[in-house]
Structure formats: structure tokens, C-alpha cells
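Structure record follows, encoded as C-alpha cells.
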Amino acid sequence: MYLRIYFKRLFKRIFIGFPKSIIRLVAFLKEFMHFKAMSNNRFSLHWYSIYPCLQDKSKMTGFDHHYLYHPAWAARVLAQTKPRLHIDISSILNFSTIVSAFIPMEFYDYRPAEIKLSNYNSNSIDLKNLKFADESISSVSCMHTIEHVGLGRYGDALDPDGDLKSIQELKRVLKKGGNLLFVTPIGKPKIEFNAHRIYSYEQIMSYFEPLSLKQFSLIPDQGGLIESADPLLVKDQNYACGCFWFQK
């Protein structure tokens with residue numbers, strides 16, 4: 001069965017995608033010749049320096065809905081809470097780097113990033129064993145990260161309960177009255193090893209007890225962002241993105 005699926009996909013890539021690629025390549029070569037004829041020699045322009053980008057002529061700009069909307073959601077929350085310092089643990093880097101222009105930011109990851117910016121510090125950390133004291137952080141985020149812990153994808157040790165241990169650590173270090181921004185795939189719960197876990201809404205809510213939920217927003221399968229979403233929508237999703245604003 002798996003071989004049949006594999007060869008079907010391979011056939012599709014070679015024999016369906018191939019003609020389109022040839023058409024794009026021919027069109028590119030025609031454009032190059034036309035552009036070269038128009039050129040006024042302000043720049044060097046040679047065959048050996050061509051750099052074809054054959055997939056970029058689209059009517060709309062494409063983007064990953066999960067990774068565009070969830071940092072945008074989190075930034076809007078921080079615009080409301082205005083923390084003196086925000087701690088981000090392993091979220092996508094463009095979130096912490098951009099927000100650091102307005103809010104001092106400390107970024108921690110199992111694989112630290114060598115980034116030099118004002119208002120920004122980066123260091124290594126094990127999410128299952130955070131090096132912060134109990135109830136010491138008033139503003140923290142961990143977004144699109146927990147679902148990976150323990151699956152070995154990023155060089156960490158295999159651990160079926162790595163996500164639960166990490167969640168306990170986030171709850172432990174959060175100060176009373178503090179805010180936690182948590183984002184993860186949600187829908188029909190399962191593990192797609194070794195990429196990620198997908199959780200149900202009910203699982204996440206039970207894992208983060210006794211924290212209170214201040215806001216739940218949803219990036220559904222079809223894309224977009226539903227702010228203050230109805231949790232019942234999650235049951236119809238396969239790989240949606242849940243954005244949870246918890247308080248302690």
C-alpha cells in the first residue's frame with residue numbers, strides 16, 4: 001500500500017509537474033533574451049549568472065497561515081499587556097526579534113540563536129528543566145514548540161511525555177497574575193512522528209489547569225485568524241493552530 005502511494009506521488013511529480021516546469025523555463029529564457037536586448041549595460045548580465053525563480057509568478061502572495069498569524073496574535077496581546085520584560089521560549093525567531101524593538105526580550109531555545117540586537121538576549125535552555133525560579137516570570141511565551149518536545153526532531157532525547165513535562169515547567173515558573181502565551185497544533189489528537197503532536201482543545205485545557213484562560217483564538221484548517229473563537233470549532237479541524245492566553 002505504502003509503495004503504491006509513493007510511486008503515485010513520484011509519477012505525479014515527474015509527469016504532471018514536468019511539463020509546467022518546461023513551459024516556465026522556456027518563458028524564462030525568452031524573458032532573459034528580451035531583457036538582455038533592453039539592457040543599457042548598467043550591470044553585468046551573463047548566462048552564467050542567471051538565477052531562475054520559476055515558482056514566484058503568482059496572483060497572490062503565499063504564506064504559512066500558522067506561522068504568520070500566531071506571532072501576529074501574540075504581538076497584539078503584548079501590545080495590551082505591555083510587560084517590562086518578556087521571555088520567549090523556542091518560538092519562531094521573527095516574533096521575538098521584531099517585538100524586541102518595543103519590549104525587552106529574552107529568547108531561549110534548545111538550539112540557541114546567535115542574534116545581536118538591542119533589547120535582545122539569546123541563550124540555551126531545556127524546556128523540560130527550565131532554569132528559572134518558581135513563579136519568577138510575569139510574561140512568557142512558548143509557541144508552536146511543545147508539540148515537538150521528545151520526538152527527536154531537533155536533537156532532543158526521545159520522551160513520550162516530554163510535552164507534559166515542559167508544560168509543567170511553564171506553569172511552575174509563571175508568576176501569580178502573570179501571562180503565558182501558548183500556541184500549538186490542535187484538531188483530532190494524534191502524533192505524526194517525528195514532526196509533531198496534534199492536541200484536542202480539551203487536552204490543552206486539562207494540561208494547563210489550574211491556570212485561567214483569558215483568550216482562545218483559532219487559525220483553522222482553511223486559514224485566517226478567528227479571535228475569541230468557539231472551542232467547538234476545533235472538533236472539525238485536522239491541523240489547525242490554537243492560540244491560548246493563560247493567566248495564573
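The values are calculated or read from the model by the stated rules, or taken from the named source; none is laboratory data. As the structure is a computational prediction, the values presented were derived from the model and not from experiment. Using ideal geometry, Cβ is built from the backbone for each residue, glycine included, and neighbour counts are taken over all protein chains shown. Only protein heavy atoms, including side chains, enter the accessible area calculation; ligands, DNA and RNA are left aside. Shrake-Rupley method; radii C 1.70, N 1.55, O 1.52, S 1.80 Å.
Looking only at the stretch 61-109, residues that are part of a helix (DSSP H, G or I) and either among the β-branched types (Val, Ile, Thr) or over 18 Å from the mean Cα position of the chain (by Cα) (or both) come to 7 in all.
Conditions tested, residue by residue: (1) open to solvent by less than 20 Å² (accessible area, probe 1.4 Å); (2) part of a loop (DSSP other than H, G, I, E, B).
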{"residue": "GLU147", "(1), (2)": "yes, no"}
{"residue": "LEU158", "(1), (2)": "no, yes"}
{"residue": "ARG172", "(1), (2)": "no, no"}
{"residue": "LYS175", "(1), (2)": "no, no"}
{"residue": "LEU180", "(1), (2)": "yes, no"}
{"residue": "PHE216", "(1), (2)": "yes, no"}
{"residue": "VAL234", "(1), (2)": "yes, no"}
{"residue": "PHE246", "(1), (2)": "yes, no"}
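In the stretch 118-144, the residues that are within 10 Å of ILE87 (Cβ to Cβ) and in a strand (DSSP E or B) form Cβ pairs under 8 Å with partners that are of a type in the set (Asp, Glu) and open to solvent by less than 10 Å² (accessible area, probe 1.4 Å), at six or more places apart or across chains, as follows: VAL140/ASP88; SER141/ASP88; CYS142/ASP88. Residues that are among the hydrophobic types (A, V, I, L, M, F, W, C) and in contact with a Pro (Cβ under 8 Å, 6 or more places away or on another chain) within the stretch 183-204 comprise just one, ILE198. Scanning the stretch 35-50 for residues being among the aliphatic types (A, V, I, L, M), open to solvent by 100 Å² or more (accessible area, probe 1.4 Å) and part of a loop (DSSP other than H, G, I, E, B) gives a total of 0.
For the stretch 150-196, filtering for residues that are without any contact (Cβ under 8 Å) to a residue 12 or more places away in the chain and among the aromatic types (Phe, Trp, Tyr) leaves 0.
Filtered by the rule that a residue be in a helix (DSSP H, G or I) and closer than 11 Å to ILE186 by Cα, the stretch 218-232 gives a lone residue, PRO231. Scanning the stretch 200-214 for residues that are under 13 Å from ASN179 (Cα atoms) and open to solvent by 30 Å² or more (accessible area, probe 1.4 Å) yields SER212, LEU213, LYS214. Examine the stretch 54-66 for a residue that is more than 30 Å from ASN179 (Cα to Cα), at pLDDT below 90 and either surrounded by 12 or more Cβ atoms within 10 Å (Cβ to Cβ) or in contact with a helix residue (DSSP H, G or I) (Cβ under 7 Å, 6 or more places away or on another chain) (or both), and state whether such a residue exists. Taking every residue of the stretch 54-66 in turn, at least one turns out to be more than 30 Å from ASN179 (Cα to Cα), at pLDDT below 90 and either surrounded by 12 or more Cβ atoms within 10 Å (Cβ to Cβ) or in contact with a helix residue (DSSP H, G or I) (Cβ under 7 Å, 6 or more places away or on another chain) (or both).
Screening SER141 with (1) over 20 Å from the mean Cα position of the chain (by Cα); (2) under 20 Å from HIS196 (Cα atoms) gives one miss only, at (1).
For the stretch 107-117, a residue qualifies if it is touching a residue at least 12 places away in the same chain (Cβ under 8 Å) and over 29 Å from ILE198 (Cβ atoms), and the qualifying residues are ILE115, LEU117.
Of the residues ILE98, ILE103, ILE92, ILE87, only one is open to solvent by 70 Å² or more (accessible area, probe 1.4 Å), closer than 24 Å to GLN215 by Cα and not polar (S, T, N, Q); which? Going through ILE98, ILE103, ILE92, ILE87 in turn, the sole match is ILE98.
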